[in-house]
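Taking it in order: structure first as structure tokens, then the write-up.
The values are calculated or read from the model by the stated rules, or taken from the named source; none is laboratory data. Worth saying up front: this structure is predicted, and the values here are computed from it rather than measured. Please note: Cβ atoms are built from the backbone with ideal geometry, for glycine as well, and neighbour counts cover all protein chains shown. Ligands, DNA and RNA are excluded from the accessible area calculation, which covers all protein heavy atoms including side chains. Shrake-Rupley method; radii C 1.70, N 1.55, O 1.52, S 1.80 Å.
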Amino acid sequence: MKGLMQDWPLLVPTVLDHACTYHGTREVISRTVEGPIHRYTYIDLNRRSRKIASALQKMGVKPGDILGTMAWNGYRHMEIWYGLMGLGGIVHTLNPRLFADQLIYIINHAEDRYLFLDLTFVPVIEAIQDRLDTIKGFIIMTDDEHMPETTLENVLCYETLIEQGDEDFSWPKLDENTACGLCYTSGTTGNPKGVLYSHRSNVLHAMATNAADALGLKSQDNVMAVVPMFHANAWSLVFSGPMAGANMVMPGALMDGASIYEMLEVGRVSLTAAVPTVWLMLLTYLKETGKKLDFLERVVIGGSACPPSMLEVFEKTYDTQVIHAWGMTEMSPLGSLCTIKGGLENLKVSEKAAIKIKQGRPPYTVEMKITDDDGNELARDGKAFGHLMVRGPGVARSYLKQEDEPILDEDGWFDTGDVSTLDGFGYMQITDRAKDVIKSGGEWISTIELENLAVGHDDVTEAAVIGVAHPKWDERPLLVIVRTEGSSLSGEEIRAYLQGKIAKWWLPDDVVFVEEIPHTATGKIHKLTLREQFKDYTLPNV
Ligand code: AMP
């Protein structure tokens with residue numbers, strides 16, 4: 001027998017409707033690319049989201065169409081998200097830090113119809129426009145006055161376009177499983193893979209991660225999404241903030257300590273979220289200036305592991321609670337958040353500190369287990385570590401256009417590629433990455449890609465890349481080379497050789513020459529041994 005309750009689809013525009021109706025005067029405060037700080041309310045966001053949806057429809061955009069955005073966190077980007085998703089279209093967020101070949105690949109693979117661009121990114125796309133196969137035009141996210149000179153073809157001005165839309169536009173009735181967002185993983189081997197979110201997965205993920213024991217956002221909060229909207233849905237804040245009726249603060253392009261501090265103060269921010277690198281810059285700024293965090297109650301730190309020293313400074317010096325979080329693009333993205341749970345209040349301070357540094361507990365809707373290489377579940381004892389497997393309505397079941405290549409095991413579990421422990425209280429801690437990817441400033445650098453390029457040089461016999469600790473970027477690549485006999489190749493020469501073949505920030509910070517690179521029994525480079533060998537290595541620019 002079926003229940004007799006309403007079939008109310010979980011759709012992204014219902015979040016905006018709710019925010020507008022019950023929290024209409026709450027604000028979205030944005031630092032614009034043009035310069036000034038812009039403020040308006042959820043009523044304005046709702047009006048303009050409908051207008052842009054209507055304008056796009058008049059332009060011929062249809063449900064199911066994929067449109068790309070290369071934009072910072074700001075009010076226009078929010079309008080595009082709500083407007084296009086509400087229309088039944090799909091927002092494909094492009095990470096501007098990808099290098100040209102990857103961007104071209106994902107834009108063509110997704111078959112993006114139009115690209116929305118912040119002023120900052122016009123030159124990035126100008127350089128590759130000839131290689132984009134499916135793009136019909138570009139919409140520059142500014143007003144008439146700030147429209148740039150550009151070689152892009154079929155260019156529209158966002159503010160001119162939106163004026164052609166109707167603010168009474170009605171959202172079409174959609175099935176809740178309709179696709180609405182697309183984000184490519186930064187593939188470490190092979191091409192990036194597209195994760196295709198649905199209205200249902202976004203809404204459920206926003207609700208789940210906003211539970212009181214997780215993000216716990218409320219209408220009194222002022223929430224700043226520092227984590228970019230192009231980095232795994234800005235960890236859902238663009239949905240969970242309006243859902244809760246919180247003010248949203250959108251910091252735009254400037255991530256340095258002084259600029260982030262200014263937005264924390266202007267927006268009287270009570271909760272914010274970003275990768276450790278951003279917080280390192282803020283903490284350095286605070287130390288240098290002696291300034292205090294006047295309003296900040298909670299800071300969410302994730303994307304890579306939060307160093308214990310950072311947690312301590314936030315909590316002890318600035319009285320700001322740290323919520324360590326873990327997740328991945330394939331998980332919408334939040335998989336766990338670390339808050340102290342009921343029953344543990346009376347633990348000793350040191351015991352609590354040991355828990356707080358873990359990546360946390362899954363919210364309801366995320367299932368988690370660890371397994372050995374044969375798929376057997378391991379003990380939840382905080383000691384055994386194994387493959388971290390997840391399941392839930394916010395977890396991908398396949399990648400875009402690879403539906404016939406299963407990514408789940410027969411019981412529906414997704415292997416995260418991370419290795420972790422799970423303790424008896426339910427807290428998960430990442431102990432290692434299954435892959436050897438380097439995380440620099442929260443972004444990935446593929447060691448295999450660098451190695452393949454380096455060995456392309458005539459004077460290189462063998463090359464290996466490992467991550468070396470860096471105080472600002474977490475990790476930076478160190479290139480280890482075995483030269484061909486008789487060669488006097490220098491570090492500068494090989495770096496010059498790599499320049500232009502990879503994104504600038506992928507360039508190894510240093511190069512060392514060795515007689516031999518260690519190998520495993522099956523002939524693979526033994527990265528573990530290599531890392532051990534260079535564990536005390538200090539990079540030259542540190
Ligand atoms: P992405 O899909 O780019 O968000 O990257 C996801 C990966 O980042 C995860 O599989 C982890 O390897 C890593 N990661 C994310 N958050 C954390 C964290 N708090 N601690 C350690 N690694 C993390």
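What the table shows:
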{"quantity": "Set G382, G386: member being outside the structural domain of I107 (by TED's automatic domain parsing), open to solvent by less than 20 Å² (accessible area, probe 1.4 Å), away from the ligand (no atom under 13 Å from the Cβ) and over 18 Å from E330 (Cβ atoms)", "calculated": "G386"}
{"quantity": "Lone qualifier among L479, L489 - being in a loop (DSSP other than H, G, I, E, B), more than 16 Å from the ligand (Cβ to nearest atom) and either in contact with a strand residue (DSSP E or B) (Cβ under 9 Å, 6 or more places away or on another chain) or among the hydrophobic types (A, V, I, L, M, F, W, C) (or both)", "calculated": "L489"}
{"quantity": "Candidates N222, N233 - the one that is more than 16 Å from the ligand (Cβ to nearest atom), among the polar types (S, T, N, Q), in contact with a strand residue (DSSP E or B) (Cβ under 7 Å, 6 or more places away or on another chain) and not assigned by TED's automatic domain parsing to the domain that holds H23", "calculated": "N222"}
{"quantity": "Of the criteria (1) out of contact with any Leu (no Cβ under 7 Å at 6 or more places or on another chain); (2) within 16 Å of the ligand (Cβ to nearest atom); (3) modelled with pLDDT of 95 or more; (4) not acidic (D, E), which one P276 fails", "calculated": "(3)"}
{"quantity": "Residue in the stretch 498-513 that is more than 30 Å from C338 (Cβ to Cβ) and within 16 Å of the ligand (Cβ to nearest atom) present", "calculated": "yes"}
{"quantity": "Total residues in the stretch 335-364, condition open to solvent by 10 Å² or more (accessible area, probe 1.4 Å), hydrophobic (A, V, I, L, M, F, W, C) and within 13 Å of the ligand (Cβ to nearest atom)", "calculated": "1"}
{"quantity": "Selection within the stretch 120-139 - hydrophobic (A, V, I, L, M, F, W, C) and out of contact with any Pro (no Cβ under 7 Å at 6 or more places or on another chain)", "calculated": "I125, A127, I128, L132, I135, F138, I139"}
{"quantity": "Subset of the stretch 124-155 [farther than 23 Å from E79 by Cα, of a type outside the set (D, E) and in a helix (DSSP H, G or I)]", "calculated": "Q129, R131"}
{"quantity": "Failed item in (1) open to solvent by less than 60 Å² (accessible area, probe 1.4 Å); (2) touching a residue at least 60 places away in the same chain (Cβ under 8 Å); (3) among the hydrophobic types (A, V, I, L, M, F, W, C), with W505 passing the rest", "calculated": "(1)"}
{"quantity": "Set T431, T421, T461: member being modelled with pLDDT under 95, open to solvent by 50 Å² or more (accessible area, probe 1.4 Å) and within 16 Å of the ligand (Cβ to nearest atom)", "calculated": "T431"}
{"quantity": "Test for T329: is it away from the ligand (no atom under 12 Å from the Cβ) and hydroxyl-bearing (S, T, Y)", "calculated": "no"}
{"quantity": "Considering residues of the stretch 57-86 that are of a type in the set (A, V, I, L, M) and under 24 Å from R26 (Cβ atoms) only, the residue nearest to the chain's Cα centre (by Cα)", "calculated": "A71"}
{"quantity": "Filter result (β-branched (V, I, T) and either touching an Asp or Glu at 6+ places or on another chain (Cβ under 6 Å) or open to solvent by 30 Å² or more (accessible area, probe 1.4 Å) (or both)) within the stretch 28-45", "calculated": "V33, I37, T41, I43"}
{"quantity": "K316 being more than 16 Å from the ligand (Cβ to nearest atom) and not assigned by TED's automatic domain parsing to the domain that holds I106", "calculated": "yes"}
{"quantity": "Qualifying residues in the stretch 302-317 (those that are part of a loop (DSSP other than H, G, I, E, B) and of a type outside the set (A, V, I, L, M)) - the one nearest to the chain's Cα centre (by Cα)", "calculated": "G303"}
